[in-house]
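Read-outs: derived from the displayed coordinates by stated rules, not from any lab. Here the structure is a predicted model, which means the values were calculated and not measured. Methodologically, a virtual Cβ is constructed for each residue, glycine included, from the backbone with ideal geometry; neighbour enumeration extends over all protein chains shown.
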């Protein structure tokens, strides 16, 4: 196999894996949203920041493996990698992540709920005293 073909095949495999990794990282972000309640605007800001930061490894892959040239098949492989992750290993990966981090949700939820109730009680005492 010639060196050029080997380089292009490597580029395709790396972009496929990069697409899968980006969606996996987004899966972790979704899990954090599940663990900690977010408002709509905060979710919107997180998404913009995530995808802005996610552009950095994509740029690096295109720069290192394809001399900075953006090829349509590279972008297609990124999307294909994301699609394959979502259709293939997303459910098992989500299950593992929930097993690892999900057991902390009830305790975090109870802690936050307790703190909120304490703040409300303090506010109620202040208004009663005034």
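Over the chain, the pair-distance histogram of Cα-Cα distances with 10 Å bins from zero comes to 11, 28, 26, 16, 10, 6, 3, 1, 0 percent, rounded to whole numbers.
Dividing the mean sequence gap of close Cα pairs (under 8 Å, 6+ apart) by how many residues the chain holds gives a relative contact order of 43 percent. Taking the empirical scaling 2.2 N^0.38 Å for compact globular proteins as reference, the stretch 28-91 has a Cα radius of gyration ratio of 1.38. You can think of it this way: the chain between residue 114 and residue 38 has 25.6 nm of extra reach, that is 0.36 nm per residue less the Cα-Cα gap. In the chain, the DSSP-assigned H stretches of four residues or longer account for a calculated mean residue ellipticity at 222 nm of -29500 deg cm²/dmol, using -39500 (n - 2.57) per stretch and the full residue count as denominator. Placing a pseudo-label 7 Å from each Cα along the Cα-to-Cβ vector at residue 91 and residue 49 gives an inter-label distance of 3.3 nm. Full extension of the chain between residue 125 and residue 9 yields a length gain of 34.9 nm, computed as 0.36 nm times the residue separation minus the alpha carbon distance. The stretch 26-76 and the stretch 1-18 have Cα centres spaced 22 Å apart. Placing a pseudo-label 7 Å from each Cα along the Cα-to-Cβ vector at residue 76 and residue 25 gives an inter-label distance of 2.5 nm.
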